[in-house]
1. Taking the Cα-to-Cβ direction at Arg342 and at Glu548 and moving 7 Å from each Cα, how far apart do the two end points lie in nm?
2. Compute the FRET efficiency between Leu778 and Thr499 as 1/(1 + (r/R0)^6), taking r as their Cβ-Cβ distance and R0 = 56 Å, and round to the nearest 0.05.
3. Quickly rank 506-512, 55-61 as a protection proxy: mean count of other C-beta atoms within 10 Å, highest first.
4. In cubic angstrom, how much convex hull volume per residue do the alpha carbon atoms of the chain span?
5. With an 8 Å Cα cut-off and a minimum separation of 6 or more residues, compute the relative contact order for segment 57-177 in percent.
6. Relative contact order for the chain: what is it in percent, counting Cα pairs under 8 Å that are at least 6 residues apart?
7. Per the Kirkwood treatment, what hydrodynamic radius in Å, one decimal, follows for segment 87-153 from the mean inverse distance over all distinct Cα pairs?
8. Give me the distance in nm between label points sitting 7 Å out from Cα along the Cα-to-Cβ direction at Leu374 and Thr402, one decimal.
Amino acid sequence: MLQDLRFALRTLLRSPLFTTVAVLSLALGVGANTAIFSLLNQVLFRSLPVRDAERIVLFDFKGVSEGSAHADSSATPFSYPMYREFRDGNQAFDGLIARSYANVTAVTHDQPERVQAELISGNFFEVLGVTPGLGRIIGSSDDVTPGGHPVIVISYGYWQRRFSGERAALNQTIRINGLPMTIVGVTPESFRSMVSGQTPDLYMSMAMKAAASPLEKKDPLTDRTSRWMAVFGRLKPGMSREQAQASMGPLYRSSLEADLAAMPEAPPRFRTKSLTNRLVLQPAAQGINQLEQQWKKPLIAVMAMVGLVLLIACANVANLLISRASARRREIAIRIAIGASRMILVRQLLVESLLLSVAGGVMGLGVSYWISQLLIRLIPGDELGGWLTATLDWRLLVFALTLSVISGLLFGIVPALSATRSGHNVAPALKEQGGSVSRGQIRLRQFLVVSQLALSLVLLVAAALFARSFANLLKLDPGFRPEKLLTFGVNPGLSGYKTPETLALLSRVQERLGAMPGVTSVAASQLLPLSNSNMTSNVTVEGYTATEDEDTDAHNNLISAGYFSTLGVPMINGREFTTADNEAGPRVAIVNEAFVRRFFKDGRAIGRHMKQGGAKTKPDIEIVGVVRDSKNNSLREKTTPFFYFPYLQIKRNVGISFVVRTKGNETAAASSVRNAMHEMDANLPLENLGWMTTRIEDSVFLDRLIALLASAFGVLATILAGVGLYGVIAYLTLRRTSEIGIRMALGATQGNILWLVMKEVSLLIAGGLAVGIPCMLLASRLIESELFGIHANDPLMLFSAALVLSSIALLAGYIPARRAMRIEPLQALRNE
């Protein structure tokens, strides 16, 4: 084998052009596959950097629920009393932990900012086996007395950003929602959160929940009807999930009964259903994997696409090897004549193929790193929280090596067998010139070209579909005018404002910003459009009788006067809110068209009444307006019933998001708004100051990324297929040089010669389309769910892709055909 390696290396070095083209083709294919696998590996398979992650489980339940639920992830939230009962009464776990979140105002070095805090149980780090990067971690002794443990651990990223990574950060005091708290430690760089995609800035114990969420009316540490925390457990050694789940059943039942006892108003039917709830333990080695929910399907689709690119690259290299084998036919025949067996020759040729593939794989790692870096830069930073990186690890090395070896065998075995097939008939091979080739090799090369064209068609159609889907999203009318719309948020309650002071601030901001040059109108809401967040509540509507199990939930929002005119959302009927719609006036609401379609069959909503909650009391909120449907959570969402209440009538101290309609210079407008807010209250941090158009672009970043990747891979595949077709036609044309000379000597025109060659090209294209169209129809099932506003089997996209591919293939075939037209008959006849 060592001798074979030395010989293969010398042989490849003697053909630098062939070797370079083959290695580059493979590097692109292997590199693209490794880059996408890198993201897929991090999203789907990477475990948390904790001790024995495979023993971590997430608590969930199946059934009905009542009370309020608050969560920042897809995990089912539990109440603190239920968590405490699970923690103290179980026999199946080495420890139970809980976590939640809170957006808080942190004042560091006299600079206020909104940061994300992670509320954790005192045993959180201990159970996970996470050691501090600096100082100490929060322990069980920091989670005993409610409000009595003003200590925090900051994340590695926050430590670097706000304290420049200095050790002096320890024991410093920062104010969290106005409360002085001491930094006692820094988390290790590797640990971020139990929720993928999130990177909290600081950690504080559950005992400090009131400090983190000062606006809550009830005590979440004692309220059984408030579910707000995710619960995890570490299984004891030898304990399976099923065993632990069964052992927790009685404990969960007793906690459910205690919950129902705390809800005397719950109807009997709900009580009966609740007691049938079932506790479920989910694997959580990756924590709460929110990245998987968002990225899994698109990444699998892209992985399939880059796999096709690699197959096309392999087909190209196989074509190159067949061409090279035809030039080495005499060499192979001589080696057979002097005693070499076919097995030895096949082994030798496979070693050459594997050397090419390994070289392509090594170069592909560099290509992979570059592509990964590029992809991560294209993704808004807030979407990842530092969870995805371009770092190479052992899984990527194994993947790249395995892929390289498989590719080497894939493109090497058939050419090797084909090149040594003449072993039983050496004499003709010794007499033939180096350029001769068997009919079987010609058919093999034609088959490879047809395969390349078919795969390229699949990729081109996919690229066209994703690009069209992305264009549909960009052209979609969100229901409002996003141009020149500046947005930002504040949360006065976290800076010490009481409810009346918050409402007064709302009025002051509207008045101050509305009077600024370049500002045409100002309004506010609790939630901004396209913020990927929503509020829902069941409703009771006058004149509408819901069935017993009917879902009457509707989305809702709190808004100020002038909100719809500022956004540019037209009123269909009735009026907007005014400053007269305050606490002293009658309660009013505005609903959207979907709400009217759902609850008012006659289409008349103005003057009718509604209310939040069940039907125990009479609806007393008058509907005074109907507004056009608009996008609220995301561009992809389906239109749902929506209602709006005026800010001034709600006695809740909630965050405020302002929308400012501007004209003129955008940079100057943003700077003026920032300065004006700082003058009104320098201790009130602004959140996410930016333009609505940017928010829309960021909301479709994944669609943009997939469309970009699909287009790039489609173009690459088409180029590779065109090069492969050109190589085959050029070779076949060269092989028929004498035939062409004879035809021209007998009177054939240049047009006849052109048709002779282009007929071969047309047959290959027809074969590629005949194979590619059914393959595309099958592949469409994979990407259908990722498209917007277009079907995967759209005939226009299929026709357009086929036309583009055919045009490029015809161009690739025309170049050698044109060369054949210019052959001189006498020179051609002397070719033999």
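The values are calculated or read from the model by the stated rules, or taken from the named source; none is laboratory data. All values derive from a computational prediction rather than experimental measurement. In this analysis, Cβ positions are derived from the backbone assuming ideal geometry, glycine residues included, and neighbour counts consider all displayed protein chains. Note: accessible area is taken over every heavy atom of the protein model, side chains too, but ligands, DNA and RNA are not part of it. Shrake-Rupley method; radii C 1.70, N 1.55, O 1.52, S 1.80 Å.
1. It is 7.7 nm.
2. 0.40
3. Going from most to least packed, we get 55-61, 506-512.
4. Roughly 219 Å³ of hull volume per residue.
5. 19
6. Worked out over the chain, it gives 16 percent.
7. Over segment 87-153, the inverse of the mean reciprocal pair distance is 13.8 Å.
8. It is 2.6 nm.
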